[in-house]
Amino acid sequence: MNMSLQPVWNVLLGQAAILNSPFFPVAFSLSVYLIFCLPFILLDILSTRFSCVRSYKLQPGASVSLSSVWTCLSVTLYNHLLYIFPLTLINWYLRPVYLPAEAPPLSHLCAQVLVCLLLFDFQSFTWHLLHHKVPWLYRNFHKVHHAYTSTSALTTEHTGAWETLSLGLFAAATPYLLGVHPLTEMVFFTVNIWLSVEDHCGYDLPFATHRLVPFGLYGGARHHDLHHLKSKVNYAPYFTHWDRLAGTLCTHQD
């Protein structure tokens, strides 16, 4: 029996004025991002005092400084205010929000979120590979994100304007192209932000997403941490199939 999402959607419809606001997309993405970062920031603090926490770090010798936290936060806020917000205003004006009365079936929502993730993964893999293979693109655009060889949650959005806008466009265009329900779109954005933060968290935790997906189909934090260490491997953000096909998959440090 398919669980109904209508009660959840009815509650959200009661907040239609907020959902229709031009400020909502930026406020939503920024707040969700910072909330997801908080547990890993706490782990970074605890790891300096407790070896049991530090044992889960992918690079135990690395630590997160206050200056790096401030730098990453500053870059994130700067990009959201100066670049993302004006674009959301334009999108809000050109494409008014439509909120249907009925919620999508749970099975449709889950299937479409997965399709969105797979499509975004392909877009990001192609973009990422191109920006590593073309020196000019790497030097002028992607190098900012590789300022840190040891990842931490807040390095997720330590990116230049071009990268921020490019990946933001992929994330926004994917559910639009697939014509998904607004609730599905919100769930996709939330899951996408979580997976991105988890990728950069710097910890290989027992309950991490890659441990829940069988057959090594999902890379996770270890997969992306190796990319920051070696640079020329593991270009896909989430799944491993594109790196397998391209011969760029790396599963261990040595």
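The values are calculated or read from the model by the stated rules, or taken from the named source; none is laboratory data. Predicted, not measured: the structure shown is a model, and the values here were computed from it. In this analysis, Cβ positions are derived from the backbone assuming ideal geometry, glycine residues included, and neighbour counts consider all displayed protein chains.
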Next on the checklist: Any residue at all in the range 177-193 that's assigned to a helix (DSSP H, G or I), closer than 30 Å to GLY61 by Cβ and at pLDDT 95 or above?
Outcome noted: yes
Item to check | Residue list for the range 37-58, filter: in contact with a helix residue (DSSP H, G or I) (Cβ under 7 Å, 6 or more places away or on another chain) and under 18 Å from ARG222 (Cα atoms) | outcome: CYS37, PHE40, ILE41, LEU43, SER47, VAL53, ARG54, LYS57, LEU58
Next on the checklist: Taking the condition of being within 26 Å of TYR98 (Cβ to Cβ) and out of contact with any Phe, Trp or Tyr (no Cβ under 6 Å at 6 or more places or on another chain), how many residues in the range 185-199 meet it?
Outcome noted: 8
Checklist entry - Within the range 213-254, how many residues are in contact with a strand residue (DSSP E or B) (Cβ under 8 Å, 6 or more places away or on another chain) and not small (Gly, Ala, Ser)? => result 5
Next on the checklist: Take the conditions in contact (Cβ under 8 Å) with a residue 12 or more places away in the chain, over 27 Å from THR71 (Cβ atoms) and buried (at least 18 other Cβ atoms within 10 Å of the Cβ) and apply them to VAL115. Does it pass?
Outcome noted: no
Next on the checklist: Could you check the range 227-248 and list, in sequence order, the residues that are of a type in the set (A, V, I, L, M, F, W, C) and modelled with pLDDT of 95 or more?
Outcome noted: VAL233, ALA236, PHE239, TRP242, LEU245, ALA246
Next on the checklist: Tell me yes or no: at least one residue of the range 95-111 is surrounded by 17 or more Cβ atoms within 10 Å (Cβ to Cβ), in a helix (DSSP H, G or I) and at pLDDT below 95.
Outcome noted: no
Checklist entry - Tell me, which residue of the range 1-54 that is assigned to a loop (DSSP other than H, G, I, E, B) and not polar (S, T, N, Q) is modelled with the lowest pLDDT? => result MET1
